[in-house]
Each structure stands twice: as C-alpha cells, then as structure tokens.
Amino acid sequence: QWKDMRISGEEWYDNTKDYWMDNEILYITTDEKNKTFFEPLAKHYELRFLDDYEEVAGLSDLDPNYKGMIESVVASRGRIFVGTFPSSFSAYIGRLRGYYGMSGKSMWYGQKDHADEMQRWVDPRSVEGSLYSYREFPIGWSEIDGETAPSKDKF
C-alpha cells in the first residue's frame, strides 16, 4: 500500500538490531507470505508467527477475520514493539501498549526516517489531517485513569 515505506528484510535487521537482545524471540505479525523475507532477522533471533501456533491453539477453525485482532493483542504485549510507518495497524498496537501502561518510548518504527516517531510527544492538534492516522498519540492513553491532564513530561 505504501510502496515508498516498504523495506527489505536486510533493512529491517539493520534498522532494528539495536533494539533487540541477542537471540531474543521476535513475534512477527505481517501480511508478507514469503517467510524467507525474514531470513536476515532469523539469523540473529528466534522468529515466531501466528501460524506457528495454529495447531496447538486450534486456530485452523478460527474465522480468518479474527486473526488480525489476535495478532494485535499478542504483538502489543512484547517487551518492545517495532512497527511499520505509516501503518494504522502498527499505530493501533502502540495504542494498546499505552492502555496496558507501557511507555510510547518502547515503540519504534522499522523505517529509518521515522524510527523514533514515538520517542517524542506530539500533540495531535498540530498534525495535518492527512497525517493523523499514521501514528499514535500518547495523549490518547496517558493519564486516562486519573485526574491529571496528559503532558509531554509523562509519556
């Protein structure tokens, strides 16, 4: 969909290797059908995909429309999350992480030019309308359970 944001498996490894621990298990949620695409990552990490759990979790009988929902919940619970910019699916996973109380500072994007997009506070009112869905905004989850207004000091 966003051809200029598509990066190779080698770029995914090069752009994200500093975020991961050696031999860490990485859960990959993707619509990429060719798993050899991820070989540059597989050389350094243990990769897992939803279909690795199809039999043990009984997913073969699951309506395929539910798989994206399952994947977003699983991906949202990792130590960190690295998504695709400008994916609304990645942004949603970031929002779930915020609802769970995880800092936006534990989320990055795989594209070098946008890698640290979630490392800084951005007020959504300052973003052009067409760019609004490209990323998540900590104001959407910060301090939602309290009396304190969200601020760039607490995200």
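The values are calculated or read from the model by the stated rules, or taken from the named source; none is laboratory data. Everything numeric in this text was worked out from a predicted model, so none of it was measured. No Cβ is skipped: glycine too gets one built from the backbone with ideal geometry, and neighbour counts run over all protein chains shown. These area figures cover heavy atoms from the full protein model, side chains too; ligands, DNA and RNA do not enter into them. Shrake-Rupley method; radii C 1.70, N 1.55, O 1.52, S 1.80 Å.
Conditions tested, residue by residue: (1) modelled with pLDDT of 95 or more; (2) closer than 22 Å to Glu117 by Cβ.
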{"position": "Glu11", "(1), (2)": "yes, yes"}
{"position": "Tyr27", "(1), (2)": "yes, yes"}
{"position": "Glu32", "(1), (2)": "no, yes"}
{"position": "Phe37", "(1), (2)": "yes, no"}
{"position": "Glu46", "(1), (2)": "yes, no"}
{"position": "Asp51", "(1), (2)": "no, no"}
{"position": "Val82", "(1), (2)": "yes, yes"}
{"position": "Ala91", "(1), (2)": "no, yes"}
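Residue count for segment 94-115 satisfying the condition of being in contact (Cβ under 8 Å) with a residue 40 or more places away in the chain, open to solvent by less than 30 Å² (accessible area, probe 1.4 Å) and either of a type in the set (Val, Ile, Thr) or more than 23 Å from Asp145 (Cα to Cα) (or both): 3. Of note, Glu32 does not satisfy the criterion of being of a type in the set (Asp, Glu), closer than 27 Å to Glu11 by Cβ, open to solvent by less than 70 Å² (accessible area, probe 1.4 Å) and touching a residue at least 40 places away in the same chain (Cβ under 8 Å). Residues in segment 116-150 that are under 16 Å from Pro86 (Cβ atoms), modelled with pLDDT of 80 or more and open to solvent by 40 Å² or more (accessible area, probe 1.4 Å): Asp116 only.
So which of Gly58, Gly78 ends up being within 16 Å of the chain's Cα centre (by Cα) and open to solvent by less than 50 Å² (accessible area, probe 1.4 Å)?
Of Gly58, Gly78, the one residue that is within 16 Å of the chain's Cα centre (by Cα) and open to solvent by less than 50 Å² (accessible area, probe 1.4 Å) is Gly78.
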